[in-house]
Amino acid sequence: MSKSKTIYFCQNCGNQSPKWVGKCPVCNEWNTYAEELIDKNEEKLKEKRGYAVKKNEVARPVPILEVHELEAARLDTLDSELNRVLGGGIVPGSLILIGGEPGIGKSTLMLQLALQLKNKKVLYVTGEESDRQIKLRADRIGIQNPGCYLLNETNTQQIFKQAEELAPDIIVVDSIQTLHSVYVESPPGSVSQVRECTAELQRFAKESNIPVFLIGHITKDGSIAGPKVLEHIVDTVLQFEGDRNYTYRILRTIKNRFGSTSEIGIYEMLGDGLRAVINPSEILLTQRDENLSGIAIGSLLEGMRPFLIETQALVTPAFYGTPQRSATGFDVRRMNMLLAVLEKRAGFRFGTKDVFLNIAGGLRVEDPAIDLAVVAALVSSYNDIAVSSKIAFAAEVGLSGEVRAVNRVDQRISEADKLGFHKIFISKFNQKIDLKKYNIEVVAISKVQQLVAELFG
Ligand code: TYD
Ligand code: MG
């Protein structure tokens, strides 16, 4: 019989302690420690464990030139967005974590993948929903795939046994929080279970060379599946996000051992599943006949892909003591900084105004090149003078009001050009731009004052 002992785990960061503590010394969160049972004979157990490292297999150094490339072997998901965020398809034997808030569409995305891959065998393991619920969802998506198998199981070793028999090309596990391993005694969803199950899945994926997609719920503070430890174990972490009140969803790469982490995929949630959005600019720019004040369009890059997006600002007199500042899809501290720059460098008085900022489509923008569009939208609303909907912006704004260069400005200009914009404002410090190849007028400026003068002067 194996002896067990009690260990306390921080449910936030996964740190362990022999006794209960109120405040985690690692992540500084309060009241996150929970009791979990751990097997004392863990070392012995490891030998019995399936998918543990085999003792007699001795690793030998291999010349790097003899290591085969992964690229050729990547599996096409038939989904342009998913391929993009994975760095060009699924790498065999990789473990991919898909995180996201409940209800965002993780199960839909994965089921759709399982149904789309018609000439492949896909095993969809679910501990969350019954087979009939999944079938209902599959009917909604409306694709038939005889190679898609459902398995209602939460025991990891059983899952591996079934997977070995079926020998699928891909496995989807929905979700990590429902799995349990017989080697750990604590309940499903606890730190030690989640960690053990993920490690077992990783070993299984590596040994069988079958890629595994693992769905994980996000906790309220935004970390995937509670413990950060999970992110270290898996090869790729994708985050599915978006505002539930909008139909757009973004699949973002957080970590990728096989590709870039700056890629995003954009989807639209429709009545019959998720649709990949191939040309994001067309949906992120609202169609309007008249020019309205407070709107400016930024030319952004997410990963390798340029798109134009609308920023909307509303500046109104504040009737209460403290003016309100609120931003959706943009960092409110950055907005405050831009307001301070406009106060100091261009003489605007925002101190007595409420300021609201919104990025179209419920997207969250991190590209600093949107700064100039934000500034233009703010000043446009302040003056109540519209900016032409044929003007785009692509530059960062610094603390002294300088308009700074951004990367790959060529791509931003040509995207705006392609979409029929007449003018684009960029930084004077972006060098070596071949203006002859564009129809669009490129205005290079160095200070926000110049922007204000050009637009409203
Ligand atoms: P779901 O995939 O269950 O989310 P998660 O697994 O992340 O918790 O889907 C969530 C929402 O998507 C649900 O509210 C219904 C909606 N939905 C659609 O709008 N269209 C569809 O075709 C499907 C399958 C779901
Ligand atoms: Mg789900």
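The values are calculated or read from the model by the stated rules, or taken from the named source; none is laboratory data. Only a predicted model underlies this, so the values are computations on that prediction, with no experimental measurement involved. Neighbour counts are summed over all protein chains in view; Cβ atoms, including those assigned to glycine, are modelled from backbone coordinates with ideal geometry. Heads up: the accessible areas ignore ligands, DNA and RNA and are worked out on the full protein's heavy atoms, side chains in. Shrake-Rupley method; radii C 1.70, N 1.55, O 1.52, S 1.80 Å.
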| message | Suppose we filter region 441-457 for residues that are part of a strand (DSSP E or B) and either open to solvent by less than 30 Å² (accessible area, probe 1.4 Å) or free of Cβ contacts under 8 Å to residues at least 40 places away in the same chain (or both); how many remain? | response | 5
| request: Could you list all residues from region 384-425 that are in a loop (DSSP other than H, G, I, E, B) and under 25 Å from the mean Cα position of the chain (by Cα)? | output: 395, 406, 407, 408
| request: Go through region 243-259 and give me each residue that's under 23 Å from residue 138 (Cα atoms), assigned to a loop (DSSP other than H, G, I, E, B) and touching a Gly at 6+ places or on another chain (Cβ under 6 Å). | output: 246
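Wholly within region 279-342, which strands (runs of 3 or more DSSP E) include no fewer than the required count, namely at least 2 residues that are open to solvent by 20 Å² or more (accessible area, probe 1.4 Å)?
Working: elements: 295-302, 305-317, 325-328.
Those strands (runs of 3 or more DSSP E) span 305-317, 325-328.
Collect the residues in region 76-104 that are farther than 20 Å from residue 203 by Cβ, in contact (Cβ under 8 Å) with a residue 60 or more places away in the chain and open to solvent by 10 Å² or more (accessible area, probe 1.4 Å), keeping them in residue-number order.
Going residue by residue through region 76-104, those that are farther than 20 Å from residue 203 by Cβ are 76-89, 99-104.
Going one step further and asking which of them are in contact (Cβ under 8 Å) with a residue 60 or more places away in the chain, we end up with 79-82, 84-88, 99-104.
Result: 79, 80, 84, 87, 88, 101, 102, 103.
For region 260-275: of the residues being outside any strand (DSSP E or B) and within 16 Å of ligand 1 (Cβ to nearest atom), which is least open to solvent (accessible area, probe 1.4 Å)? It would help to see each step written out before you state the result.
First, pick out the residues of region 260-275 that are outside any strand (DSSP E or B): 260-263, 271-272.
Okay, now just the ones that are also within 16 Å of ligand 1 (Cβ to nearest atom), so 271-272.
Working: 271: 55, 272: 91 Å².
Checked region 260-275; the qualifying residue least open to solvent (accessible area, probe 1.4 Å) is 271.
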| note | Inside region 87-104, the number of residues satisfying the requirement of being touching a helix residue (DSSP H, G or I) at 6+ places or on another chain (Cβ under 8 Å), part of a loop (DSSP other than H, G, I, E, B) and within 15 Å of ligand 1 (Cβ to nearest atom) is 0
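Return the total of residues in region 105-135 being closer than 18 Å to residue 230 by Cβ and either within 8 Å of ligand 1 (Cβ to nearest atom) or out of contact with any helix residue (DSSP H, G or I) (no Cβ under 7 Å at 6 or more places or on another chain) (or both).
Let us first name the residues in region 105-135 that are closer than 18 Å to residue 230 by Cβ, namely 106, 110, 125, 127-128.
Now drop any that are not either within 8 Å of ligand 1 (Cβ to nearest atom) or out of contact with any helix residue (DSSP H, G or I) (no Cβ under 7 Å at 6 or more places or on another chain) (or both), which leaves 106, 110, 128.
Adding up the residues that qualify gives 3.
Give region 164-209 a look and list any residue that's within 14 Å of residue 128 (Cβ to Cβ), more than 16 Å from ligand 1 (Cβ to nearest atom) and under 26 Å from the mean Cα position of the chain (by Cα), or say none.
188
So which of 142, 127, 103 ends up being in the same structural domain as residue 234 (by TED's automatic domain parsing), away from ligand 2 (no atom under 16 Å from the Cβ) and over 16 Å from residue 82 (Cβ atoms)? Quick ask: steps written out before the conclusion?
Numbers: 127 fails: away from ligand 2 (no atom under 16 Å from the Cβ); 103 fails: away from ligand 2 (no atom under 16 Å from the Cβ).
Unique residue meeting the criteria: 142.
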| Is at least one residue of region 414-435 modelled with pLDDT under 95 and touching a Pro at 6+ places or on another chain (Cβ under 7 Å)? | yes
